[in-house]
Every structure is written in C-alpha cells, then in structure tokens.
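To keep things clear, I will list the structure first and then write my remarks on it.
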Amino acid sequence: MNTNSNVYTFIYASVMVIIVAALLSFIALQLQPMQKKNVEIEKKSNILAAIGVASTQDDAEALYKDHVKNSYIATEAGEKTEGDAFTVKMAEEVKKASSERQLPIYECFKNDSTFFVIPLRGKGLWGPVWGYLAFYEDFNTIYGATFDHKGETPGLGADINQDWFEEPFSNKTIFDADGKFVSITTHKGGKGAALAANDTEHGVDAISGGTITCKGLEKMLADCLAPYETYFKKNKK
Amino acid sequence: MASKNIKLLTNPLNLDNPITVQVLGICSALAVTVKLEPAVVLSISVLFVLAFANVIISLLRNTIPSRIRIIVQLVIVAALVIIVDQVLKAFAYSVSKQLSVFVGLIITNCIIMGRLEAFALGNKPFPSLLDGFGNAAGYGMILIIVAFFRELLGSGTLWGFQVIPDSFYEFGYTNNGLMILPPMALIIVGVIIWVQRARTKELIESN
C-alpha cells in the first residue's frame, strides 16, 4: 500500500485522532472522582493549616471533622444564612459585586478556643493565588494564614506559601484603632520593611523580587475581607 | 538475550548516556532535582512514556505516512503524558502538584522524540522496548544522582527524612542554600560528566 498518498495520510491522521481522543476521555472520566476527592482534601488541609493544624493527605479528613465544627455563609449586610461554606466556589464569588457575594465562614475549634477561617482568592503575577485567614473571636486579630498559588515564579512570588512569609501575619489586625477597615499591607524592601514603614500592626514584609505577586495578594486580602466588615463588627466579641 | 539487545539496555547507562553524553533532557534535570522524590517520580514517568511510545511507534512504523510522522509521534507521546498526568493527579496528588508543569513538559523532552526518530521508526518492537528502558534508565540515573546530592547538601534530608544529625547544626554546620537553586544542578551534571569522561577511555576525545 502506498503510505504516502494524500488519501491515506488523511485517513490515518483522522483515525488516529479519534482513537486517541476516545481513549483519553475514557481515562479522564474514570479518574475524575479520585481527582475531585484529592482537591477536596487539599482544601480541607489548607483550612486546617490556617488554624495551625498540620495534616497529611491521609488524616486531613478526620482532622477536619475534629476541628471544623460548623460552617455558614454570610452576606455583605451582615446576615448569617444557612448553607455549606465548603461548596462555595471562590473563583466565581470574587467576580461578583460584593453585595451579591456569598461569604463563607468556617467555625473552627482548637484547644478550646474558637477561630473563624475566611477563604480568599485573587490574582498573582501568572495566575490565581488563594489562601485562608484564621481570625480570633474579635474578628480583627489574625491567628494564622496560609496561602498558595498556581504558578508564581519559583523562589520569588512562589514563596507566598512558605512559613516565613505566612507566619508574620499572626497577630496583625485588619481594623485600625478607630475601627476603620485597613486590611493588611505588604511592604516592599525586604526583611524589616514593615518595621521600617512603622506599620507593624497592619503590615508585613513583601517578598523581594515578588512584588507583583505580593501586590496581588494585598489586593486579594482587601477585596475578599472588605465585604465581611459589617458581619465582623456585628459578631465580634 | 542477544548481546546486541543487552547493549541497547546498558549503553545508555554509560557510553551513550542521554544526559551526560548526548546532553539531551537537561531542562528537567535542572528543574526537578531539588528533592529525591520528584526526581524519582519523573524518572518513572519518563520510563513509562518512553518505553510505551517506543513500542507503539515501532509497531506502527510501517504504516506511518512519512510526511506526518513527527505529528504522529507527538500525538502518541502527548496521549501517554496526559495519561501519566491524570494518574498522578488521582493517586499521587502531592507529587503531581510538585511536578506540576514538568509532567506536561515530558512531551517536549528531547530524549523521547530523539529515540522515536532515531530508533523506534527503524527497529522491531522488542529492541525498541529495550532501547526505551535503557535510555529512560540512563536519564533517571543521572536525575537521581543529582537529586541525591542536592537534597543532601541543600536541605540535609533524603526522601524528606533528616539525615544530617542535629549535633552537626549545633557545631555551626549550615545547609548550602545554593544547592537548591538551578545553577547547582548544572554544576553537578558537569562534575558527573567530568568524572565519567576521565574514567571512560572511549569518551576521551583525541586531539
């Protein structure tokens, strides 16, 4: 057979593509439930990380059940509505106007203290960044923070998921002394920049070389926390 | 096994090593060798993709229209890589997150296209399978050696377990942060090439 004729080439290419496409879709469909499960476990593990509970792929679900007792959805007006915060897709919520957003809150217990975990989502330099902030019951002081990203520059912006970047968020406050919402600012200039700018209450050091990622993270914090203001003020202890 | 076939397996480990002799596939050798675990997983993934792609191309070699043979090779490699990626996402999620884009980049790994063009298109399936195993093993071997030194000297751990005792650190030993950065992978690969050329007569160039 002449394997170089045009007809043969076309038929060969078409048949090959159809076979490969069918095979890949079949495999993708078969593996999808397991992949979804993994993504869920990761989310639970992130929420746990915000309250300082380390978990692995295997024990994340059990630990989540132990620590996260309740979750609900707030509105910008400060109302609490019933609903499962876990199913709220942040990527879709942050595109909406803040008055229409569903605002998930996870109520977590650790060592007899209650913490409230708020999910965040925004844009970094190359793609989405996200994270979770855990607040004390005053809805003002941060207990812990965890961030992650899809594809920030390794060694620079990608370091937002490192402990040395996340730890300084602890004990920062998002409201100033007059109760005005100020969010958290990232200060450019390497280690000690927040101290140099005299902003140790609402500021942390940015990552040198990761300015755009840090600015994106800062915008994410402001955007995602602002709609909670009424709810926070109403429910603080 | 015929000695010719054994050569197919052993040559890529030393005399014809894809990384140190042919200098192919360097990119991933730099990127995933900070820790042992991703290096091993990527080596196994490449082994799977290269062995299967070699056999499939070899089986089809008489039917592939020569004008679109590169496209056919790419489709088969890409399909295998997607399968690897999906399986990792389902069964080794944390590793798949670490490797992220590099699994996808197996598609463009020069070793794979190189072996398909140079070997599988002109040889029977069994020798092609051996050739695939041999080259992937040669590639993986270097990856693992590089990762071993980078993880040991850069993080003081192996496979995530601390091997350098705390007492060393108390005496002022510190991990070499440079080891974690990509340039050190190049330097380690360079040292391996140096040692290999010094010890192997066949590789010493005469001039």
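Among the residues of the range A:117-137, those identified as surrounded by fewer than 19 Cβ atoms within 10 Å (Cβ to Cβ) and outside any strand (DSSP E or B) are A:126, A:127, A:136, A:137.
Considering only residues that are within 14 Å of chain B (Cβ to nearest Cβ) and surrounded by fewer than 17 Cβ atoms within 10 Å (Cβ to Cβ), look in the range A:138-159 and name the one that is modelled with the highest pLDDT. Checking each candidate, the answer is A:150. Quick one: in the range A:50-70, which of the residues that are polar (S, T, N, Q) and within 14 Å of chain B (Cβ to nearest Cβ) is nearest to residue A:109 (Cα to Cα)? Within the range A:50-70, the match that is nearest to residue A:109 (Cα to Cα) is A:55. The single residue among A:186, A:230 that is of a type in the set (S, T, N, Q) and assigned to a helix (DSSP H, G or I) turns out to be A:230. Of all residue pairs spaced 6 or more apart or on separate chains, those with beta-carbon atoms under 7 Å, a first member in the range B:146-173 that is over 17 Å from residue B:184 (Cβ atoms) and of a type in the set (Val, Ile, Thr) and a second member that is part of a helix (DSSP H, G or I) and open to solvent by less than 90 Å² (accessible area, probe 1.4 Å) are B:163/B:152.
Residue B:160 falls short on exactly one of the conditions (1) touching a Ser or Thr at 6+ places or on another chain (Cβ under 9 Å); (2) of a type outside the set (D, E, K, R); (3) on the phi > 0 side of the Ramachandran plot, and that condition is (1). Condition check for residue A:208 on (1) closer than 16 Å to residue A:169 by Cβ; (2) outside any strand (DSSP E or B): one failure, at (1).
Within the range B:57-72, if we keep just the residues that are more than 11 Å from chain A (Cβ to nearest Cβ) and either under 14 Å from residue B:119 (Cβ atoms) or among the basic types (Lys, Arg) (or both), the residue that is most open to solvent (accessible area, probe 1.4 Å) turns out to be B:59.
Quick check, is residue A:77 open to solvent by 60 Å² or more (accessible area, probe 1.4 Å) and touching a residue at least 24 places away in the same chain (Cβ under 8 Å)? Yes; evaluated as a whole, the condition is true for this residue.
Summed over the range A:104-116, residues that are farther than 13 Å from residue A:144 by Cα, open to solvent by less than 50 Å² (accessible area, probe 1.4 Å) and touching a helix residue (DSSP H, G or I) at 6+ places or on another chain (Cβ under 7 Å) total 3.
From the list B:6, B:70, B:26, B:44, the one residue that fits, being more than 17 Å from residue B:136 (Cα to Cα) and not acidic (Asp, Glu), is B:70.
With respect to the conditions (1) within 12 Å of another protein chain (Cβ to nearest Cβ); (2) farther than 15 Å from residue B:25 by Cβ; (3) at pLDDT 90 or above, residue B:77 falls short on a single one, namely (2). Restricting attention to the range B:25-68, the residues that are part of a helix (DSSP H, G or I) and under 23 Å from residue B:189 (Cα atoms) add up to 19. For the range A:223-237, a residue qualifies if it is in contact with a Ser or Thr (Cβ under 7 Å, 6 or more places away or on another chain) and open to solvent by less than 10 Å² (accessible area, probe 1.4 Å), and the qualifying residues are A:225, A:227.
The values are calculated or read from the model by the stated rules, or taken from the named source; none is laboratory data. Keep in mind the model is a prediction, meaning the values are calculated, not measured. Every residue, glycine among them, receives a Cβ derived from its backbone with ideal geometry; neighbour counts consider all protein chains shown. Just the protein is used for accessible areas: all its heavy atoms, side chains included, with ligands, DNA and RNA removed. Shrake-Rupley method; radii C 1.70, N 1.55, O 1.52, S 1.80 Å.
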